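The structure is given below, and queries will be raised subsequently.
We did not get these values from a lab; they are worked out from the coordinates using the rules stated. Computed from a predicted structure; not experimentally measured. Every residue, glycine among them, receives a Cβ derived from its backbone with ideal geometry; neighbour counts consider all protein chains shown.
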Amino acid sequence: MQMTFRKYMSHKYFFIMLLPVLLYYLIFHYAPIYGVLIAFQDFKILKGITGSKWIGFDNFKDLFTSMYFLPVLRNTLIINFYKLIFGFPAPIILALMINEVRFTIFKRVVQTVSYLPYFLSWVVLAGIIIEFLSPSRGPINVALSMLDYKPIFFIASVDWFRSVLVSTEIWKTIGFNAIIYLAAMSGINPEMYEAAEVDGINRIQKIWWITLPSIAPVVVILLILTSGQIISDDFDQVYNLLNAKVMSVGDVIGTYTYNEGISKMNYSYAAAVGLFKNVIALAVVLFTNTLAKRFSDETIF
């Protein structure tokens with residue numbers, strides 16, 4: 001115990017630097033957990049949490065019997081499944097391609113252009129996307145018109161809206177997420193590539209037999225963390241692109257919770273929805289982590 005305390009004291013300045021981060025999570029992530037109690041109450045703002053009536057699991061009963069929740073849950077799972085299948089490998093592929101580029105200036109330009117959208121809010125990006133996909137003046141529909149095809153209103157089409165969500169999510173995050181894999185690739189011993197060249201291995205074989213196995217631990221850990229998002233959604237993205245014509249395929253848990261909690265002021269029901277979502281997300285992460293233990297030594301705990 002004394003040795004442990006001495007170790008902490010010897011690194012006290014690092015812990016002081018870490019203190020603002022710990023305070024941030026304590027104040028904005030852990031302290032609000034107390035508010036989860038309203039999911040089990042008939043919460044009234046004027047009465048507060050301590051004065052509101054306890055109703056047990058009634059909000060959850062309403063949740064599972066609601067005619068609107070199951071379609072919303074289905075939309076959330078389908079959209080996030082597509083994002084996981086197509087979005088998770090995308091930054092890995094981009095990082096592999098950038099890593100193979102030998103022209104430094106070109107590599108830097110590609111990196112900058114690819115991760116620039118990440119720093120723009122969905123309010124800005126939604127305006128750009130809506131204009132870009134406009135049926136009257138968007139470049140895609142202008143090209144379709146030139147080829148004698150009918151313009152497609154992608155944002156208002158039930159057949160295309162989910163594809164728009166998935167593709168724009170990839171466009172926004174691919175460059176930033178690729179940085180993680182590029183950092184992992186930078187730690188690979190160059191002697192491994194030199195030895196492979198002596199053995200006559202080409203570039204594709206180097207990627208398959210050296211690069212991918214070397215970054216596999218990072219891939220596994222990020223896959224475990226990403227799996228929890230299968231029940232979550234990017235509220236900012238969906239809310240700014242959603243419209244009445246695509247509610248049947250685009251209304252997700254985030255927008256449903258917003259409408260119930262903010263628009264209808266049904267705070268207890270909205271809290272129940274949020275708690276259900278978080279519990280499922282935790283269960284998925286734990287399951288994925290357990291599954292990863294069977295096939296790999298790299299897990300988050």
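Exceeding 25 Å between C-alpha atoms, which entries from my cross-link table qualify? They are 53/264; 83/264; 150/172.
83/264; 150/172
Are there GluC sites (Glu not before Pro) in the range 168-231 that DSSP puts in a loop and that have at most 11 other Cβ atoms within 10 Å, and which ones? The partial results should precede the final answer.
On the way: sites: 169, 191, 194, 197; in loops: none.
Sparse-neighbourhood loop GluC sites (Glu not before Pro): none present.
Between 180, 221, 188, where does the largest GNM mean-square fluctuation fall for the chain, given springs only between Cα atoms within less than 10 Å?
Of the options given, 188 has the highest mean-square fluctuation.
Consider the candidate values (i) 38, 33, 18; (ii) 26, 23, 18; (iii) 45, 20, 17; state which one is semi-axes √(5λ) of the Cα gyration tensor in Å computed from the structure displayed.
(i)
Next question, about the same structure. Treating only the Cβ of Lys, Arg, Asp and Glu as charged (+1, +1, -1, -1), what charge dipole size does the chain show about its Cα centre? Round to the nearest 20 debye.
I would put it at about 580 debye.
Using θ = phi - 60° and the Karplus curve 6.51 cos²θ - 1.76 cosθ + 1.60, what whole-Hz ³J(HN,Hα) does each residue of the range 126-132 get, with Gly and Pro shown as x?
Result, rounded to whole Hz: 4, x, 5, 5, 4, 5, 5.
Moving on to the next point. Sort 125-133, 258-266, 17-25 by packing, meaning the average of other beta carbons within 10 Å per residue, with the highest value first.
Averaged packing, sorted descending, gives the order 125-133, 258-266, 17-25.
Give the long-range amide H neighbours of residue 41: residues separated by 5 or more places, or on another chain, with amide H under 5 Å away, using H modelled in the peptide plane at 1.01 Å from N.
Long-range HN contacts for residue 41: 55.
Looking at the chain as a GNM with Cα springs under 10 Å, which of 96, 241, 147 has the largest mean-square fluctuation?
147
Per residue of the range 48-63, what does 6.51 cos²θ - 1.76 cosθ + 1.60 with θ = phi - 60° give for ³J(HN,Hα)? Whole Hz please, x for Gly and Pro, Karplus curve as stated.
Each residue of the range 48-63 in turn: x, 5, 6, x, 6, 6, 7, 10, x, 9, 4, 5, 6, 5, 5, 4 Hz.
For the chain, with the dipole built from +1 on Lys and Arg beta-carbon atoms and -1 on Asp and Glu ones, taken about the Cα centre, which of 165, 19, 198 lies farthest toward the positive end?
Selected residue: 19.
Summing -39500 (n - 2.57) over the DSSP H runs of n ≥ 4 in the chain and dividing by its residue number, what mean residue ellipticity at 222 nm do you reach, to the nearest 500 deg cm²/dmol?
-19500 deg cm²/dmol
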